[in-house]
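A.B. asks: Shown below is the structure under consideration.
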Amino acid sequence: MNLKRYFIRALHRLQKGPGYTYKELLVWYCDNTNTHGPKRIIREGPKKKFVWFFLTLLFASLVFWQWGILINTYLSYNVTSSLSIGFKTMKFPAVTVCNANAFKYSKVKHLLKEMDKLIDAALERILQCGKQDPFSPLAVNSSENDSQALDLQLWNQLPLVLIDESHPDQPIIDIFTTNRTGAGTQHNSSSPSPSNTTAEAKKYKVAMKLCRENGTSCVYRNFTSAAQAVMEWYVLQSTSIFAKVPLEERKQMGYQAEDMILACLYGAEPCNHKNFTQIYHPDHGNCYIFNWGMDQEALISSNPGAEFGLKLILDISQHDYIPYLTSAAGARLMLHEQKSFPFLKDQGIYAMSGTETSIGVLVDELERMGYPYSDCTLNGSDVPVKNLYKGFNTSYSIQACLRSCFQAEMVESCECGHYLFPLPEGVNYCNNDDNPDWAYCYSSLRSSIRHRQFCIDSCKETCNDTQYKMTISMADWPSEASEDWIFHILSYERDLSTNVTLDRHGIIKLNIYFQEYNYRTISESAATTIVWLLSSLGGQFGFWMGGSVLCLIEFGEIIIDFLWITIINGISWCKGLKQKRAQTRYPDAPPTVSELVEAHTNFGFQYEDGSVTPGSGNCCRGRLPPEPGTPPPNYDSLRVQPLDVLELGTDTEPE
Amino acid sequence: MAAGRKITAKIKKTLPVTGPQAPTLGELMRWYCLNTNTHGCRRIVVSRGRLRRLLWIALTLSAVALILWQCAELVLGYYSASVSVTVRFQKLRFPAVTICNINPYKYSVIKEYLSELDKETRSALESLYGFSEGKPKVRRDAEDRNATAYQYLEKVPLLRFEDLTRKEATDLHSGHKRKIESNIFHKGSTNIGDPQNMIGFQLCDPNNSSDCAVYTFSSGVNAIQEWYKLHYMNIMAQIPLERKVNMGYSADDLLLTCFFDGLSCDTRNFTPFYHPLHGNCYTFNSGENGTILSTSTGGSEYGLQVVLYIEEADYNPFLVTSTGAKIIIHDQNEYPFIEDIGTEIETATATSIGMHFTESRKLSEPYSDCTESGADINVENLYNKTYSLQICLHSCFQKAMVDHCGCAQYAQPLPAGAEYCNYKKHPSWMYCYYKLHEKFVKEQLDCQQKCKEACSFKEWALTTSIAQWPSTASEDWMLRVLSWDKGQKINKMLKKTDLANLMVFYKDLNKRFISENPANSIVILLSNFGGQLGLWMSCSVVCVIEIVEVFFIDSLSIIMRRRWQKTKKWWNSRKAKQSRAPAPGTGPGKQGHDNPACIDEDLPTFNTALRLPLPQENHLPRTPPPNYSTLRLDTTFTEQLPDTLETESR
């Protein structure tokens, strides 16, 4: 109903023609707007008018330019960081302790027996070879008998070979057979190609032969050091062997909590190996995590200093190490967040046997804003890599993502999973029997830059990054004076024996505690918010023109009025055109004044006229110079206008 | 003539206003207050009552003061920086790792140069403490004790001080007691309780033997080492560089195995680097051949793993007293200051060094006092590397050394045209050096003022931990194989204590980038200005222009006009006096005008309103009405009329 009335009114106005002109509208606007410039344009003399007009234009363009800059700044989503440092009651970090050696040698000997025999024999020959004249290759007679007993099939899956650098045409010497083979096979580019300048100093090198497709296509992986080659070979072989052993058995072969953790003290409260959560870590066998927070609340530490931290005594029983698998002896330990998986190879540190290692901890946190401020992930759900460490119930981390990504690549190209990483569903670990090519496949994958880059690109870092900065100090422990009784007590507690079953090479003391300042938090906040943007926009507008949002609305209103006037003008112009045409079509005499007067006064006449040609009637009225019917404009400014006229009149009078 | 006048008249008509319309300052102010866009001013004029008006004046003025204060604060705080920390997980450039043996030269080779010095050191030890190390050496020493003159002890005698307070000392070499007249410096023993029985040495200016400095040490160990080092540097300065390089450890000597990023590497990946104090050092990934290695996987297996061969038996007994290697992790463009910030590596252990990379960048001038490239620093960079504070300080000291002592210190690179100090050519250099060093430490050389910190720096935070290596179980085969690796040249079994295993790796590939950004820009500053102006007074630049216009241009022109009129009036009156013809119309005109203006103070009544145009109409032909429409509404331009009347009439 209202709408209809509104339309009728609009139509009425359309028919009536514009109430006022553009100039009137502008003058009115300038006089009444709240922005500072326009008022001055109309108030003062022509020179000043000119100046103010330009000033206003200049300021308006400045405002828009600066607004553009501000909006751009806002859309770049900058952040500012704030740093806080101090001491507060915090969750004690989860502490993972492992033995550097994954399995007890005494328990895995039956699995590794063949390999040990092989490598012993191989080493013997390699060492012999260096001593002898290189031109009479390998006197093998002495160990001919032994080699019969060796499992050469295991060896031939992944043999080590000697490379004689003094024979560029026939460099490859098999270790257990005396044949030399030509260099028809390609060299792996793993080490720079041997140059003749250094060949004189070193005659022999050890390389690993990696074959696929039943030994038809092989590459040799060079090593500058025989020690490295032996270690690498052993790791690959043992991986294949352990991959076939079920998990439960592997756990049994590792170090048990009660053997490893001899004493534990957290703050003033005693704890023991039962406070530790066992997980099986493929690198280090059984690992024990203190305060993982998986099944109970995380412990809280509210005091700095060694007295209130965690004190541990560990035994790593070094005599039970697998000789070829691990060369460094000690405990591996790592501090990490609750409910996160410990990646010891990346973040772990060593603790040396026979020492007391004190670790002061500072929690270095970085809290970042997510999208769109930075490209990080809150919980890893938006990362395209399937997190294989979900099975441990642990949170997302970039290390987990990278490893999952590698395993996925491995499964894709080698059709089996690597032993060091968790398995995706329906895939088995690689071993020499089922996947004879896996070592080749793995080696090429590992050195492939492209695959690594792919994983780096697809994984995202977490938004909250917590690091534990450690201040590590060491001292000899136990001291010579206290050695005796400490070993006695610890041996008794562990084995209930009166004999000393521990020694300096196996025992480690650890102190982990918060430092006086235990946290350093860098947190991000948005540098530019909507509030900031609005206040800056307002500031700019206010600074140059004293304007506000209302001024913008005023301006919009004026534009609508303008359009309205234009529409009305356009319509009247159209009608004028029509009228002209109509006049040419009926070249009668125009209505006389009396007729028109009659038309204005005589209602009946008007009605008839309107009903016959309403358009022409209106047009006639529009064409007439004075409009008796139009109401005077309501605007004040228009009232000023006559004054101007008056002024001009008075001005002219003296002349 | 007439046409020209017509044109001027027309111009006058179209552009009529040439000065402020308001006749007096008071009117101008009133007009301004009523018409300005700033708030507050209007209230002053509109308010009724003196108290209220005063209040508004005070409020407006305090608002202006507040604006000025706040804007000053904004300008002063313009050059502040905000810090942003970004973390990016990415492929990281592996830093350069420089590895040195702690012992600079093989003792067996360098012995020929040092035998004299060592002999004297031993004899000094014997006379000081009554023992000599190693039986066979004693015999030999005893033999030639009398045969040779002690040139080193002669030059810089070691002294034993019985009592410092009495300044008496015993010369160890001659056994004479002598009185010490010179200044005594305590090195490393600033607050010893017992000033007795101290060892030290005396350095004298050879040109002026009374000018001596005595350095004392709380422990003989320090004294002997310092004394030895002094002579050692002297001797080394005379040996040509190639010879020194030959005497040091070769890359094959030092490095047994090398493994990087899961692949084997060898000595060709190491760039030799000669360090004056540490002899031959080797830099892994120095970027010299144009390629810089990078790691795309964190963790210990993918970093650098080397086994170092530290030949403990070939160590210099006096120069270095610890065994092991020194490593430093630095950027490819940085100079490795091994002696200052190196990390020591123990033998018979595996040292695992986890790195975490942080890059920081500061804003340079005018935000902080740092230098981007070092080009704006008035100290020549003697090192062929990018600028750092350390480089600047060392270069500055070296420069001062060359200027003061005429020769260069051995531990730092040579400036152009200088040579290293040695006794033969520069007999006084030691004394000079010690003096200069003292000055340097006390910041009297101006070096600390001249050198600025660099704006950007890269830092590798290290987490170092050690484990026993090789483990007892693997020791046997490990040593055998490593001996074989090395043994194709040297036919001997290695010992555990000659070896050190080193692992350097990225803990994670997160790169922290801490950068400073300007907290303000011109746009934001203007916004803040606008906010302040708007908050207190609803003012803008337009208002400022208004203020300038009204308070400076218009006010001045009004004052000038007044002056002009006064002088004219005075002139006229003088003229009138001369002609004795009183000016007609002025007196009555004024009177007639005063009356309506007086009435105008009250609210206009119907009568006054009606009467008002009447006097005006009388004058209209003569005075143009003011152009301000507002002024016209204010009916109080009575003052203007006589003035303009006079000016117009002429």
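The values are calculated or read from the model by the stated rules, or taken from the named source; none is laboratory data. Everything numeric here is computed off the predicted structure, so don't read it as measured data. We place every Cβ from the backbone using ideal geometry, glycine too, and count neighbours over all the protein chains shown.
A.B. asks: Looking only at helices (runs of 4 or more DSSP H) that fall completely inside the range B:23-108, which ones have 3 or more residues that are touching a Ser or Thr at 6+ places or on another chain (Cβ under 8 Å) and closer than 30 Å to A:GLU44 by Cα?
C.D. replies: So the answer is B:25-35, B:41-46.
A.B. asks: When you check A:TYR321 against the structure, is it crowded, with 23+ Cβ neighbours inside 10 Å and among the hydroxyl-bearing types (Ser, Thr, Tyr), yes or no?
C.D. replies: Against the criterion (crowded, with 23+ Cβ neighbours inside 10 Å and among the hydroxyl-bearing types (Ser, Thr, Tyr)), A:TYR321 qualifies.
A.B. asks: So, A:ILE8, is that one over 19 Å from B:TYR32 (Cβ atoms) and either assigned to a helix (DSSP H, G or I) or small (Gly, Ala, Ser) (or both) or not?
C.D. replies: Spelling it out, A:ILE8 is indeed over 19 Å from B:TYR32 (Cβ atoms) and either assigned to a helix (DSSP H, G or I) or small (Gly, Ala, Ser) (or both).
A.B. asks: Then there's this: From B:ILE328, B:ILE377, grab the single residue that is outside any loop (DSSP other than H, G, I, E, B) and either more than 29 Å from B:ARG88 (Cα to Cα) or away from chain A (no Cβ under 14 Å) (or both).
C.D. replies: Just one listed residue meets the conditions, B:ILE328.
A.B. asks: For the range B:507-545, enumerate the residues that are assigned to a helix (DSSP H, G or I) and within 27 Å of the chain's Cα centre (by Cα).
C.D. replies: B:ILE522, B:ILE524, B:LEU525
A.B. asks: Going residue by residue through the range A:227-241, is there one that turns out to be surrounded by fewer than 22 Cβ atoms within 10 Å (Cβ to Cβ) and over 38 Å from the mean Cα position of the chain (by Cα)?
C.D. replies: No, that holds for no residue.
A.B. asks: Restricting attention to the range A:74-130, which residues are more than 40 Å from the chain's Cα centre (by Cα) and among the polar types (S, T, N, Q)?
C.D. replies: Passing the criteria: A:SER106, A:GLN128.
A.B. asks: State all residues of the range A:390-407 that are part of a helix (DSSP H, G or I) and among the aromatic types (Phe, Trp, Tyr); if no residue qualifies, say none.
C.D. replies: A:PHE392, A:PHE406
A.B. asks: A further question follows. Collect the residues in the range B:255-270 that are charged (D, E, K, R) and at the interface with chain A (Cβ under 7 Å from one of its Cβ atoms), keeping them in residue-number order.
C.D. replies: Once the filter is applied, which keeps residues that are charged (D, E, K, R) and at the interface with chain A (Cβ under 7 Å from one of its Cβ atoms), the range B:255-270 yields B:ASP266, B:ARG268.
A.B. asks: Answer yes or no as to whether B:ARG42 is modelled with pLDDT of 80 or more and either crowded, with 16+ Cβ neighbours inside 10 Å or touching a Cys at 6+ places or on another chain (Cβ under 6 Å) (or both).
C.D. replies: yes
A.B. asks: OK, next. Would you confirm whether or not the range A:374-389 contains a residue that is assigned to a helix (DSSP H, G or I) and under 19 Å from the mean Cα position of the chain (by Cα)?
C.D. replies: Looking through the range A:374-389, at least one residue is assigned to a helix (DSSP H, G or I) and under 19 Å from the mean Cα position of the chain (by Cα).
A.B. asks: Would you check which residues across the range B:530-547 are crowded, with 22+ Cβ neighbours inside 10 Å and within 30 Å of B:SER368 (Cβ to Cβ) and list them?
C.D. replies: Those that are crowded, with 22+ Cβ neighbours inside 10 Å and within 30 Å of B:SER368 (Cβ to Cβ): B:GLY530, B:GLN532.
A.B. asks: For the range A:26-57, what are the residues that are more than 10 Å from chain B (Cβ to nearest Cβ) and of a type in the set (A, V, I, L, M)?
C.D. replies: Residues satisfying the conditions are A:LEU26, A:VAL27, A:ILE41, A:LEU57.
A.B. asks: Looking for something in a helix (DSSP H, G or I), buried (at least 17 other Cβ atoms within 10 Å of the Cβ) and not hydrophobic (A, V, I, L, M, F, W, C) - is there at least one such residue anywhere in the range A:408-416?
C.D. replies: The answer is yes; a qualifying residue exists.
A.B. asks: Output the residue which, of all residues in the range A:443-462 that are within 14 Å of the chain's Cα centre (by Cα) and within 9 Å of chain B (Cβ to nearest Cβ), is surrounded by the most Cβ atoms within 10 Å (Cβ to Cβ).
C.D. replies: Only one residue tops the list, namely A:CYS459.
A.B. asks: Among the residues of the range A:510-562, write down those that are away from chain B (no Cβ under 11 Å), over 30 Å from the mean Cα position of the chain (by Cα) and buried (at least 21 other Cβ atoms within 10 Å of the Cβ).
C.D. replies: Answer for the range A:510-562, where residues must be away from chain B (no Cβ under 11 Å), over 30 Å from the mean Cα position of the chain (by Cα) and buried (at least 21 other Cβ atoms within 10 Å of the Cβ): A:LEU510, A:ILE512, A:TYR513.
A.B. asks: Looking for something under 30 Å from B:HIS278 (Cβ atoms) and surrounded by 17 or more Cβ atoms within 10 Å (Cβ to Cβ) - is there at least one such residue anywhere in the range B:54-71?
C.D. replies: Looking through the range B:54-71, none of the residues is under 30 Å from B:HIS278 (Cβ atoms) and surrounded by 17 or more Cβ atoms within 10 Å (Cβ to Cβ).
A.B. asks: When you look at B:THR297, is it modelled with pLDDT under 90 and assigned to a strand (DSSP E or B), yes or no?
C.D. replies: no
A.B. asks: Assess whether A:LYS469 counts as being at the interface with chain B (Cβ under 10 Å from one of its Cβ atoms), charged (D, E, K, R) and either more than 30 Å from A:LYS509 (Cα to Cα) or assigned to a loop (DSSP other than H, G, I, E, B) (or both).
C.D. replies: No: the conditions fail for A:LYS469.
A.B. asks: Residues to consider are A:ASN393, A:ASN379, A:ASN387; find the one that is away from chain B (no Cβ under 13 Å), out of contact with any Pro (no Cβ under 6 Å at 6 or more places or on another chain) and on the phi > 0 side of the Ramachandran plot.
C.D. replies: Being away from chain B (no Cβ under 13 Å), out of contact with any Pro (no Cβ under 6 Å at 6 or more places or on another chain) and on the phi > 0 side of the Ramachandran plot holds for just one of A:ASN393, A:ASN379, A:ASN387, which is A:ASN393.
A.B. asks: State whether one or more residues within the range B:271-278 are assigned to a strand (DSSP E or B) and within 14 Å of chain A (Cβ to nearest Cβ).
C.D. replies: Scanning the range B:271-278 turns up no residue that is assigned to a strand (DSSP E or B) and within 14 Å of chain A (Cβ to nearest Cβ).
A.B. asks: Follow-up. Taking B:THR283 as the residue in question, decide whether it is facing chain A (nearest Cβ under 8 Å) and either in contact with a Leu (Cβ under 6 Å, 6 or more places away or on another chain) or closer than 27 Å to B:LYS496 by Cα (or both).
C.D. replies: Here the answer is no, as B:THR283 does not meet what is asked.
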